[in-house]
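Note sheet for the following structure.
Please treat every number below as a calculation from the coordinates, not as lab data. Computed from a predicted model, the values in this text were never measured in an experiment. Methodologically, a virtual Cβ is constructed for each residue, glycine included, from the backbone with ideal geometry; neighbour enumeration extends over all protein chains shown.
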Amino acid sequence: MTATVPVATERRVLARALGVTKMYGKGEAQVAALRGVNVDFAAGEFTAIMGPSGSGKSTLMHTLAGLDTVTDGEVFIGDTRVSDMSDKELTVLRRTRIGFIFQQFNLLPTLTAEENILLPLSIAGRKPSKDWFDRVIDTVGLAQRLDHRPDQLSGGQQQRVACARALVSQPEIIFADEPTGNLDSVSGTEVLEFLKNSVRTLGQTIVMVTHDPRAASYADRVIFLADGRIVGDLNEPTADAVIDTMRSLDDRARVA
Amino acid sequence: MLKFTLKSLLSRKLRLVLSGLAVLLAVMFVSGSMVIKDTLNRSIDAQFAGAHDDIDLHVALKPRVKSAASDDVSVVPPLDRATVDRVARVSGVAGASGLVRAEGARVIGKDGKVVPGTGGPRYGESWRERSELTTLRSGHEPRTDAEVAINAGLAEKAGLKVGDRVGVLTNEPKRTFVVVGVFGFSDDRDSIGGEQTVAFTEPVAQRLMLGRTGGYSGVRATLAPGASVADVQSSLARELGPRYDVLTGKQLAEKESDESRGILDMMGTLLLGFAGVSVFVGIFLIVNTFSIIIAQRMRELALLRALGASRKQMIGSVLVESFVVGLVSSALGLAAGIGVGAVGADMLASSTDGLQVAALGVPAGAVVVSFAVGILVTMLAALFPAVRASKVAPIAVIRAGATQQGRHRKQTWAGAVLLGLGVLLLGLGLFGADGASMVIVGVLLAFIGVSLLTPLISKPSVEVLGALFARGAPGALGRRNSARNPRRTAITASAMMIGVALVTAISTVAASAEDSVTQDINRDLKADLVALGDAGSAASATIDPAALARVAEVPGVRSVAAATLDTAKSGKGSQPVAAWQDWTKAREVLGLRTADGTIETLAPRTVLMNESTAKSRDAEVGDRITLQFQRGEARTYRVAGVFADSTLSNGVVVPWTDAEAGFRSKQPSQAYFQLADGADESKARARIDALLKDSPEVTVKTRGEVIEMFSGAFATMLAVVQGLLGVAMLIAVLGIVNTLALSILERTREMGMLRAIGLSRGQTVRMIMTESVVISLFGALLGLVVGSVLGLAVARAMEDQGISRLALPWGQLLAYLIGAVVVGVIASLAPARRGARLNVLAAISHG
């Protein structure tokens, strides 16, 4: 079956994968992680990528973010072709146009929350805009804890610091890799609410990889991956709709 | 468990290489030193083997003063015809003949300078009927008093051949001879142990070498057929009494080989000392490496414990790992050491002409010591972190995942106690009765103490130091990283500290000594020109007294003061002695000041001494003191006066006539010239130079040149020490590389994140470089402080030896700091490269 090309028509496309194929290994042992994926991500939208483990959802995100190369096909951030960029160009791209949120928070233990948040800017040698910084801090709700070090913060707080770090450089797009994977449900909800808010109120574009249907239900749109192909695309999803889709994918896999 | 350990060990090659390299270097230095020493020893033994096989028994008087310094020569007292006859009458002796053979015949080369030594003595001897052991290669034996034969080694070195005229310095001023023969030794040897020999006719040899017509340096006895060497040897010893040495030809060769070994032995010991330093520094590195490795393996080890491994098993696992690392590195280190030893022995031997390097051999001791040092040091270094690690509750580690380092009070206390103990021992060793070993132990303890205390100050100091480099985000990150684990930073820096401290201490002592000398000469020396031997042979140079008398006649020369120096025996110890041809002039030229008694004149049977000598001898004005000179019987003197210490004159000053009779040489070894007011210095100097051209062992120097000569000697000494300590530095650099590499491994995920959020490769390199430079600088600063304090203490303790002023070598200190920055940069290259090349994606998902 060939997946239909999901296109967000009315809004500007911020990230695009065109026939992206990703192979790992060589010869007999070669495994395809992505098999000709075509997908667009629109500006100002919160998209979740879902799929069972091994479906290629993380690989898709990594190639989009310029963290991994593609075997075939093209990746664009805005109008810029990301595939074939040099390490230097990729570094600048990540520094200026992309934000990241990781499952493991990945804060620097030697820095305070504030320093962690400002890290991408200081690496780029840029000064934060005071207004924007305050607004981000406000949104994340960390004003009281800015001079704490990571080990003095709870998991949820650490992940909110990581979110603020991704937001502060005003990237065009933020990639979040299982951002709630290491959090309990209360903290997870906090973070998801916050991500949703930053799309609503700050106009941020976010692409999030998750395997949790409840987390996916916070997104504006959910893309389903299986076996390296896009197998579903859901707008304005509810948790139930996501679960149903996943179940149908499982059934199909079983039949196949 | 064992299988698991070995698997885990092999699976991490980097870890293995890093922890092994330090052991390898240390073992290499130790075994290399031992191989050098052994090879040279065997080379020298081979040189002397059979050198005196033609001698059945050799009889000589024991020297009256056993010389302490290696460049000093003990004078063998001459014996007379009657002794030869006495030897001949002993039963079992078929014949006895007197020999003349004494050190001190220096040949003047074609450039007008004394032919440089070739590592062995310079004999002047009487030509004797040559046995099969020596053969004339060309010409004939000396037949008239104006003829000499020389050995082939000397002929080659000096470029002399039969028919050439040659000047020879002996106990008498220069005499010119004609070379009529060149001889060699058995087995085609040109020289025995680098010796130079001039053979005269017997009367000439007696006069020039022994100062006594009809005298002999020894008796050669031939055995009657069937007599046993041992029997005759003991009856000779009985007959002649304890003042005589009776040696077989073999023993004589051994004795000569031992004497010529002196300087090489000293070098060997020096090398071993520095090898010890590198082992010591290596221990820090190994401890640190194992600490980090174990910290990183905490989770793995804790998992094992949770699965039921006992504490003992866990420690055992680490010990097995360290044993394997120690074993492999020792083997490699030994192999490298043998290579280094072979090259080193070759280089040292080539500085000694005519020394054939023996075949490379590996002494059993080197093998044993290499493995013992390598394995024990490694296991010991691994034991501490292993025990510490085993004390952590396993589940805490698994849950936390991190390795939290708490405060280490015990360690701080231990550090303080060790430092205190070290300083105490150092103080006792330096200022109390002689205690070189106390000083060494004290310094070692102090080093360990300081490094245990270092974590306390490492965080704040590193923060401050880092602020200097914290340009931009990478700098700031690097600075934070270096302050991150104070213990780790401290141990890494400590390795650096030790090398820098030792170099700094020695530089400080040298600077203080140099400053004192400069100051003293500027203040005290009233002479305008000085005729002096070079630094190494200042005491043994000679000046023709007749030429000096003519210098006094040169217009513009106001006065001449000449001195001769020697070593005498006093009680059990040796005592430097000096004598001046004209004491009144000497006192004026040296600017001596009275401290006690009267120093205006030097009456017969009295002596004067400087304050330090008086203090160390516990002598006061009016006391009696007995001196045994190289020649003649012991004499007793009354101390008439004590003068203030001065660099230019130390020890006991005795009347000139006694020096002429008793000192090794009757000729002055140095002379001071005062010029008349308004005299042209360069003109006078040219005249003096011309008059002294037959005394090539001394050169006429201005006051500035004298100062330069002393400074030059210090600079040479310092360069040697710096070179040898360079190896310790190399190990310290390796320590920084280790720490960085392992830290980066530990922070892989963090680096992946930084790269993901936009840190460029260049910035990554800068971050790691900053960390490295900060650690290196911190170690160097610590070393500078510790070393300066140590150096000043040692210099202060050497006040009696003429170090009257304390000085810090600021220029060198600055150079060491700059060197530390360079070292930091170099150490960071490999880890930084690795860090910059990390695959971002793999790094982020790194466990």
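Things worth noting here:
- Shielding by partners for peptide A:100-112, expressed as the average number of C-beta atoms from other protein chains within 10 Å of each residue's C-beta, is 4.
- Using the average count of surrounding beta-carbon atoms within 10 Å as a protection proxy, the listed peptides B:682-689, B:184-191 rank, highest first, as B:184-191, B:682-689.
- Length-normalised contact order of chain A in % [C-alpha pairs under 8 Å, at least 6 apart]: 26 percent
- Among beta bridges that DSSP assigns inside the protein assembly as shown, antiparallel share in %, nearest 5: 70 percent
- Peptide A:149-159 - average C-beta neighbours from other chains (10 Å radius): 0
- Listed residue pairs exceeding 28 Å between alpha carbons, taken from B:Lys110/B:Lys701; B:Lys174/B:Lys255; B:Lys62/B:Lys113; B:Lys66/B:Lys250; B:Lys569/B:Lys666; B:Lys161/B:Lys666: B:Lys174/B:Lys255; B:Lys62/B:Lys113; B:Lys161/B:Lys666
- Each semi-axis of the equivalent ellipsoid for the stretch B:648-706 is √(5λ) with λ an eigenvalue of the Cα gyration tensor; in descending order they amount to 26, 15, 11 Å.
- Per residue of the protein assembly as shown, the DSSP helices (runs of n ≥ 4 H) give a summed -39500 (n - 2.57) that works out to -17500 deg cm²/dmol at 222 nm.
- Extension gain for the segment B:Ser310 to B:Ala690, taken as residue separation times 0.36 nm less the Cα-Cα distance, is 128.1 nm to one decimal.
- The distance from the alpha carbon centre of the stretch B:40-61 to that of the stretch B:224-238 is 19 Å, rounded to a whole number.
- Of all aspartates and glutamates in the structure, those lying under 17 Å Cα to Cα from B:Lys572, and not within fewer than 8 positions of it along the same chain, are B:Asp434, B:Asp618, B:Glu633.
- Under-5 Å amide H pairs with A:Ile230, H placed in peptide plane, nonlocal only: A:Asn38
- Its residues counted as N, the protein assembly as shown yields a C-alpha radius of gyration over 2.2 N^0.38 Å of 1.31.
- Translational diffusion coefficient (Stokes-Einstein; Kirkwood radius from C-alpha pairs) of the stretch B:542-696 at 10 °C, 1.306 mPa s, in µm²/s: 98 µm²/s
- More than 50 Å apart - percent of Cα-Cα pairs taken over chain B: 34 percent
- Within a straight-line Cα-Cα reach of under 18 Å, A:Lys130 can be paired with the following aspartates and glutamates, leaving aside sequence neighbours fewer than 8 residues apart in one chain: A:Glu114, A:Glu115, A:Asp138, A:Asp147.
- Value of relative contact order over the stretch B:470-586, rounded to a whole percent, pairs C-alpha under 8 Å and six or more apart: 12 percent
- Net charge of Cβ neighbours under 14 Å - reference B:Arg747; Lys, Arg +1; Asp, Glu -1: +3
- Other-chain or far-sequence residues with amide H under 5 Å of B:Gly194's (modelled H): none
- Sorting A:Arg160, B:Arg89, A:Arg97 from the fewest to the most surrounding beta carbons within 10 angstrom yields B:Arg89, A:Arg97, A:Arg160.
- Aspartates and glutamates whose Cα lies under 12 Å from that of A:Lys57, excluding same-chain neighbours fewer than 8 positions away: A:Asp177, A:Glu178, A:Asp227
- For chain B, the relative contact order comes to 16 percent (Cα pairs under 8 Å, sequence separation of at least 6).
- Across peptide A:88-94, the average count of Cβ atoms from other chains found within 10 Å of a residue's Cβ is 4.
- Beta bridges per DSSP, both residues in chain A: antiparallel share near 55 percent.
- Where the Cα pairs of the stretch B:570-635 fall when distances are cut into 5 Å bins, in %: 3, 13, 27, 26, 19, 10, 2
- Other-chain or far-sequence residues with amide H under 5 Å of A:Glu45's (modelled H): A:Ile206
- Applying a length cut-off of 18 Å (Cα extent along the axis) and a mean Kyte-Doolittle floor of 1.6 to the DSSP H helices of chain B leaves B:364-390, B:436-469.
- When DSSP beta bridges are restricted to pairs lying wholly in the stretch B:542-696, around 75% turn out antiparallel.
- P(r) for the stretch A:13-255, from all Cα pairs and a bin width of 5 Å, is 1, 7, 14, 18, 19, 16, 12, 8, 4, 1, 0, 0 %, short bins first.
- Where labels lie 7 Å past Cα in the beta-carbon direction, separation of B:Phe431 and B:Lys701 in nm: 3.3 nm
- Exposed-loop-free span, longest in chain B, where GluC sites (Glu not before Pro) count as exposed if DSSP calls them loop and at most 13 other C-beta atoms lie within 10 Å: B:133-599
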